[in-house]
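To keep things clear, I will list the structure first and then write my remarks on it.
The values are calculated or read from the model by the stated rules, or taken from the named source; none is laboratory data. Please read all numbers here as calculations on a predicted model, not as lab measurements. FYI the Cβ positions are ideal-geometry reconstructions off the backbone, even for glycines, and counts take in every protein chain you see.
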Amino acid sequence: MNQPELTLVLIGFGNVARRFVTLLGETADRLDFDWKIVGISTRHHGSVVDPAGVDTRRAIATVEGRHSLDRLDPSPRERSGIDVIRQVADLMADDAAEGRLVCIETTVLDIDRGEPAVAHVRAALEGQAHVVTANKGPAAFAYHELDALAESVDRLFFFEGAVMDGVPVFNLVRETMPAITVEGFRGVINTTCNYILSELERGAEFDGALAEMQSRGIAEADPALDIDGWDAAAKTAALVNVLMGGVITPHHVQRTGIRDVTGFDVRDAIARQKRIRLVASASRHGGKVRARVEPEMLDRQDPLAGLVDLNNALYLTTDLLGEVGIVQRGGSLTQTAYALLSDLSRISQGLKEL
């Protein structure tokens, strides 16, 4: 049986999306699908739509050279992300009808309402495209609406890269834990904050550690989202909505970031055989879910206390399996890009089963 060819439209073309494109090429001999990118939309570098296929090497070089993608477009014009999605859905209507059109959404997190990512996902599903996103906003602000829409149009809405990069969290529960109820969770799920706290323990300066995360492309475009706890709150909301059946947004999460944590604080904790980590958690109380993100003073034997540098971990409390832990020993752009690739492979597998 021939491998399916997936037709891709990329909304957002930052560090993660560009690494995703190069990863597709690097792993081509291991993939169970072929692919063609026919559209790319960016916030600051224009857009390109070409049904014959976009030259991705030129597109990457154009954006990294701070030029506009409009120069690569056969018919350049000003378009929003939604415009590009709708144009591609029209041009590739046959691919969409056959379930081979996929929107890869990697725009930056908007912590107010999750827009325009939510609108991008909605428009793609309405255009009969599957959706894969690394943006936390859609699951954190509109998961139930978008999940219902995806089901109504018989398309898939995946977002494994929204939490813990490429380590399977949502898929682990969905695919391998039938009949399980997740009662709560706790974890360290913001890489930037964990790195900063680890560096403060070594005597480094806060600003220098943050700058390192920015230079690696790991910190959010607006690093205040990391250090003020908003990124972790968005991930917490997504986890609550998807795994616990909650209906919350990041604004329902009790939140304190690490902005006011000092080197003295973390080194004093170490001297007392403890460790400060930014912990995200949620639990059920009387039928309601309470969620919070805050720096916690952890005993050294707490598994979360052992997480340093780029390490993350999430521990799920379940009714039948007890506590299940997922640990990530280091995260990078490649891991987040891999999450997009793995979700894309799941879509391909679904097409083969038809």
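For beta carbons closer than 7 Å, sequence separation of 6+ or different chains, a first residue in the stretch 212-229 that is modelled with pLDDT of 90 or more and a second that is of a type in the set (Asp, Glu), the qualifying pairs are Leu225/Asp231; Asp226/Glu220. For the stretch 146-201, the set of residues classified as closer than 27 Å to Gly217 by Cβ, surrounded by fewer than 23 Cβ atoms within 10 Å (Cβ to Cβ) and of a type in the set (D, E, K, R) consists of Glu199, Glu201, listed by residue number. Checked across the stretch 253-268, the condition of being within 23 Å of the chain's Cα centre (by Cα), under 29 Å from Ala179 (Cβ atoms), of a type in the set (A, V, I, L, M, F, W, C) and outside the structural domain of Ala140 (by TED's automatic domain parsing) holds for at least one residue. There is no residue in the stretch 293-301 that is buried (at least 16 other Cβ atoms within 10 Å of the Cβ), within 29 Å of Ile104 (Cα to Cα) and not aliphatic (A, V, I, L, M).
Residues in the stretch 1-32 that are in contact with a strand residue (DSSP E or B) (Cβ under 7 Å, 6 or more places away or on another chain) and of a type in the set (Ser, Thr, Tyr): Thr7 alone. Residues that are of a type in the set (Val, Ile, Thr) and in a helix (DSSP H, G or I) were ranked within the stretch 40-60; the one that is surrounded by the most Cβ atoms within 10 Å (Cβ to Cβ) is Thr56. Among the residues here, Leu197 qualifies as in the same structural domain as Arg267 (by TED's automatic domain parsing), modelled with pLDDT of 95 or more and more than 16 Å from Lys235 (Cβ to Cβ).
Taking the stretch 61-133 as the region of interest, the helices (runs of 4 or more DSSP H) fully inside it that hold 3 or more residues being crowded, with 17+ Cβ neighbours inside 10 Å are 81-91, 117-126.
Residue-by-condition table, conditions (1) more than 26 Å from the chain's Cα centre (by Cα); (2) at pLDDT 95 or above:
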residue: Phe33; (1), (2): no, no
residue: Gly39; (1), (2): no, yes
residue: His45; (1), (2): no, no
residue: Thr56; (1), (2): no, yes
residue: Asp70; (1), (2): yes, no
residue: Ile82; (1), (2): no, yes
residue: Gln87; (1), (2): no, yes
residue: Arg100; (1), (2): no, yes
residue: Ile104; (1), (2): no, yes
